[in-house]
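The values are calculated or read from the model by the stated rules, or taken from the named source; none is laboratory data. On a predicted model such as this, the values are computed, not experimentally measured, just so you know. Reconstructed Cβ throughout: ideal geometry from the backbone, glycine too, with neighbour counts over all protein chains shown. Quick note on the areas: whole protein, heavy atoms, side chains included, nothing else; ligands and nucleic acids left out. Shrake-Rupley method; radii C 1.70, N 1.55, O 1.52, S 1.80 Å.
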Amino acid sequence: MTFLLAKMTAAATASIVYSFTVFIVFFNVYVDSQDTDAQLCKMCQGTVRQDSPVWDFCQTKGHIRGRCCFGNETSDVDAIIGLDLANCSISRVEHLYNSSTAFIIDLSNNPISNLSDFIFQGFSNLSQLLLPLKLECPGGNASWEKVEVKNNARICEGQKNICNQTAQMSWDCPENSFCSPYGPGFFECSCLHDFYGYKCMRQGEFPVFKVLGILTGSTVVGSSLLWFTQRRKAKNI
């Protein structure tokens, strides 16, 4: 009996620790996203330049905070839809934090010598990108509707849907899935409706409420058991 009680107490403790860890992880992710947005928008002094195409875009689509343009709609109020980092003396770009929702990004007039295509992986909304003249458009010219040189900048416009370019693309996605764009030159495979799991092999909707119910129930039961056993132990002492 003592062994069983100790085992149940250990299970309850593990459940509580797991739930608390999940909460801490999600809280830290939220805080980090706010911090990285602030860092990105304040990477350069001042706000979006009035001679930047980001300024023109933001006048009708959003509002400016630092060097970022955020969406006006309720669903996009915290989403970066435009980013102006032009003429900021940036020599290296390793990531662009949480700006994958951006429609327009200006990196022109910077001494950037190299830029990885993977930086723009996931930037499926990006429709206009301004780069220093010596850099090529991510994914190559074939990933854009129009590429031109203007005002000492390379302008990549109209991101193409790579899924519609190659006939064999569907073969790269497993059965019960479909190809969807995932940034210039990138794609991802998404499960069809009613399919989920590894390689979309499981049919039906993911049992979200069932999983949450089991987790919540086990946490409540475990917490109650732990409180009861520890309380009784305290009385005995």
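What number goes with the only condition from (1) in contact with a strand residue (DSSP E or B) (Cβ under 8 Å, 6 or more places away or on another chain); (2) within 19 Å of Gln159 (Cα to Cα); (3) of a type in the set (A, V, I, L, M, F, W, C) that Ile119 does not pass?
Among (1) in contact with a strand residue (DSSP E or B) (Cβ under 8 Å, 6 or more places away or on another chain); (2) within 19 Å of Gln159 (Cα to Cα); (3) of a type in the set (A, V, I, L, M, F, W, C), Ile119 violates only (1).
Which of the residues that make up segment 146-167 are under 20 Å from Gly82 (Cβ atoms), of a type outside the set (Gly, Ala, Ser) and under 25 Å from the mean Cα position of the chain (by Cα)?
Matches in segment 146-167: Ile155, Cys156, Glu157, Gln159.
So, Glu94, is that one in contact with a helix residue (DSSP H, G or I) (Cβ under 8 Å, 6 or more places away or on another chain) and not aromatic (Phe, Trp, Tyr) or not?
So Glu94 passes the test.
When the residues of segment 183-212 are filtered to those that are at pLDDT below 70 and either at negative phi or among the β-branched types (Val, Ile, Thr) (or both), which remaining residue is least open to solvent (accessible area, probe 1.4 Å)?
It comes out as Pro207.
Looking at (1) within 25 Å of Gly71 (Cα to Cα); (2) open to solvent by 60 Å² or more (accessible area, probe 1.4 Å); (3) not hydroxyl-bearing (Ser, Thr, Tyr), find the lone condition where Leu129 falls short.
(2)
Tell me which of these Asp106 doesn't satisfy, since it passes every other one: (1) in contact (Cβ under 8 Å) with a residue 40 or more places away in the chain; (2) farther than 20 Å from Ser52 by Cβ.
Exception for Asp106: condition (2).
Filter segment 52-75 down to the residues that are assigned to a helix (DSSP H, G or I) and either open to solvent by 60 Å² or more (accessible area, probe 1.4 Å) or touching a Pro at 6+ places or on another chain (Cβ under 9 Å) (or both) and list them by number.
Trp55, Asp56, Gln59, Thr60, Lys61, Thr74, Ser75
Looking at segment 90-169, what strands (runs of 3 or more DSSP E) fall wholly within it and have at least 1 residues that are at pLDDT below 95?
Qualifying strands (runs of 3 or more DSSP E): 144-150.
Only one of (1) in contact (Cβ under 8 Å) with a residue 40 or more places away in the chain; (2) touching a Leu at 6+ places or on another chain (Cβ under 9 Å) fails for Asp117. Which number is that?
(2)
Of Asp78, Asp172, which residue is open to solvent by 60 Å² or more (accessible area, probe 1.4 Å), modelled with pLDDT under 95 and touching a Gly at 6+ places or on another chain (Cβ under 9 Å)?
Answer to the selection: Asp78.
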